[in-house]
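In what follows, a structure is listed as structure tokens, so that the remarks can point back to it.
The values are calculated or read from the model by the stated rules, or taken from the named source; none is laboratory data. Note that the coordinates shown come from a computational prediction; the quantities given were computed from them, not determined experimentally. When we count neighbours, we look across all protein chains shown, and the Cβ atoms used for this are built from the backbone with ideal geometry, even at glycine. Ligands, DNA and RNA are stripped out before the accessible areas are found, and what is left, the full protein with its side chains, is counted by its heavy atoms. Shrake-Rupley method; radii C 1.70, N 1.55, O 1.52, S 1.80 Å.
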Amino acid sequence: MVRQMIKIDADKCNGCGICVNACHEGALGMIDGKAVLLRDDYCDGLGNCLPACPTGAITFELREAPAFDKVAVEKAMHQGCPGTAAKAFTKPSESPAPAQVNVVAPASQLRQWPVQIKLVPVNASYFSGAHLLVAADCCAFAYGDFHNAYMKKKVTLIGCPKLDEVDYTQKLTAILQENDIKSVTVARMEVPCCGGLEYAVKNALQACGKMIPWQVVTITTDGQILD
């Protein structure tokens, strides 16, 4: 039968594994550092993996494929997890492939809670000696490896000045003044509304009365890092 299926462009795939976690049916897996569709009959064709892909490597196509086997998917889930079936899959006409199939579950690098700038206590103990990441809350969705690249070994604060309709300067100034912050990294999107976040951090750094190293990282809407 001809039905809608997903198609993965290996050249665009960066191996982040986010789509594997987004696929509730276990149809996707990682082989040799690239996402692959392991079972046509486990793919429902709805494309939950599409918006999860930070590089746009996943698209739809119409092609010959077996029908979606909901019963088999549910059985695999009952036996363990959606990825159980994906790990066991080999193409019908082939002997088991030597390549290992890994279903990737990226580790979270979040070190504290809460993370919203508006909610975090000014004198929280985790600020002592911390390297601070102040990030626009869209960044982790736009950049696939955001946790490992920017959150690792940092205390993370997130916010959106446009949605919160607030100037974070006063709160951030208090955090910088009352704690031993070692460095500040600002992660923002390229869109103009994120300028408010960068502006608040700059003002807080000027107002806190301390010399604290800082940098700004700008992420594009298609998941690239601007120099």
Within segment 133-145, identify whether any single residue is part of a helix (DSSP H, G or I), aliphatic (A, V, I, L, M) and either touching a residue at least 24 places away in the same chain (Cβ under 8 Å) or open to solvent by 70 Å² or more (accessible area, probe 1.4 Å) (or both), and answer yes or no.
yes
Of the listed residues (197, 226, 163, 176), the one being over 22 Å from residue 142 (Cα atoms) and among the aliphatic types (A, V, I, L, M) is 176
Yes/no for residue 202 being closer than 23 Å to residue 16 by Cβ and not in a strand (DSSP E or B)
no
What are the residues in segment 159-193 that are surrounded by 15 or more Cβ atoms within 10 Å (Cβ to Cβ), aliphatic (A, V, I, L, M) and either outside any loop (DSSP other than H, G, I, E, B) or in contact (Cβ under 8 Å) with a residue 60 or more places away in the chain (or both), if any?
172, 174, 175, 176, 184, 186, 187, 189
Applying the selection to segment 39-68, what residues are β-branched (Val, Ile, Thr) and surrounded by 15 or more Cβ atoms within 10 Å (Cβ to Cβ)?
55, 58
Looking at this structure, is residue 129 touching a Gly at 6+ places or on another chain (Cβ under 8 Å) and either outside any loop (DSSP other than H, G, I, E, B) or open to solvent by 20 Å² or more (accessible area, probe 1.4 Å) (or both)?
no
So in segment 205-217, with the set limited to residues that are assigned to a helix (DSSP H, G or I) and among the aliphatic types (A, V, I, L, M), which one is most open to solvent (accessible area, probe 1.4 Å)?
207
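Listed here are the residues, each with its yes/no results for (1) β-branched (Val, Ile, Thr); (2) at pLDDT below 90.
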{"site": "59", "(1), (2)": "yes, no"}
{"site": "64", "(1), (2)": "no, no"}
{"site": "69", "(1), (2)": "no, yes"}
{"site": "77", "(1), (2)": "no, yes"}
{"site": "82", "(1), (2)": "no, yes"}
{"site": "90", "(1), (2)": "yes, yes"}
{"site": "109", "(1), (2)": "no, no"}
{"site": "123", "(1), (2)": "no, no"}
